1. Of all residues in segment 66-111, which are outside any strand (DSSP E or B) and either in contact (Cβ under 8 Å) with a residue 40 or more places away in the chain or crowded, with 17+ Cβ neighbours inside 10 Å (or both)?
2. Take segment 46-57 and flag every residue that is over 17 Å from the mean Cα position of the chain (by Cα) and either surrounded by fewer than 13 Cβ atoms within 10 Å (Cβ to Cβ) or within 24 Å of Glu119 (Cβ to Cβ) (or both).
3. Would you mind stating whether Val41 is surrounded by 12 or more Cβ atoms within 10 Å (Cβ to Cβ), more than 17 Å from the chain's Cα centre (by Cα), among the β-branched types (Val, Ile, Thr) and at pLDDT 95 or above?
Amino acid sequence: MLKKLFALMVIAIVSISFVQAADLSVADGTITSAIENQMPVDRIESYRADFGKLYCFTQIVGAQEDTVVTHVWYYQDSELARVTLPVRSSNWRTYSSKRFLPQWAGKWVVVVLDAEQNEIATIPFWLE
């Protein structure tokens, strides 16, 4: 009887964590040249490769408790950076940044992952 009760408790806890992860989403996500007052100053789909540094801004909604998201920066299908960021409320703005070399022109994407490494958003951009 105790084993069945323990098994049900484990299933309930796992189910709760999946529900919380499923509720987490990106209400707004963009690549920007700067962040001011916790907001992007512009929205970039294409930019000069020699600019130097860009930011990935995300507004995360739906967190039931403190958690994390991860911004994974990909250049032409190769992972070049992974930044784990805290999420501390049900409506949280956060960002990561990446410096670029001029020879990194081409297709880029930032994949946003929840704490369980599920993809919750993809933000593509192009460096010229």
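1. The first filter runs over segment 66-111 and keeps only residues outside any strand (DSSP E or B), leaving 66, 76-77, 88-90, 100-105.
Across segment 66-111, the qualifying residues are Phe100, Leu101, Pro102, Gln103, Trp104, Ala105.
2. Within segment 46-57, the subset over 17 Å from the mean Cα position of the chain (by Cα) is 46-53.
Answer for segment 46-57, where residues must be over 17 Å from the mean Cα position of the chain (by Cα) and either surrounded by fewer than 13 Cβ atoms within 10 Å (Cβ to Cβ) or within 24 Å of Glu119 (Cβ to Cβ) (or both): Ser46, Tyr47, Arg48, Gly52, Lys53.
3. On the way: surrounded by 12 or more Cβ atoms within 10 Å (Cβ to Cβ): yes; more than 17 Å from the chain's Cα centre (by Cα): yes; among the β-branched types (Val, Ile, Thr): yes; at pLDDT 95 or above: yes.
Criteria met by Val41.
The values are calculated or read from the model by the stated rules, or taken from the named source; none is laboratory data. Given the structure is predicted, the values throughout are model-derived calculations rather than measurements. For neighbour counting, all protein chains shown are included, and Cβ atoms are generated from backbone atoms with ideal geometry for every residue, glycine included.
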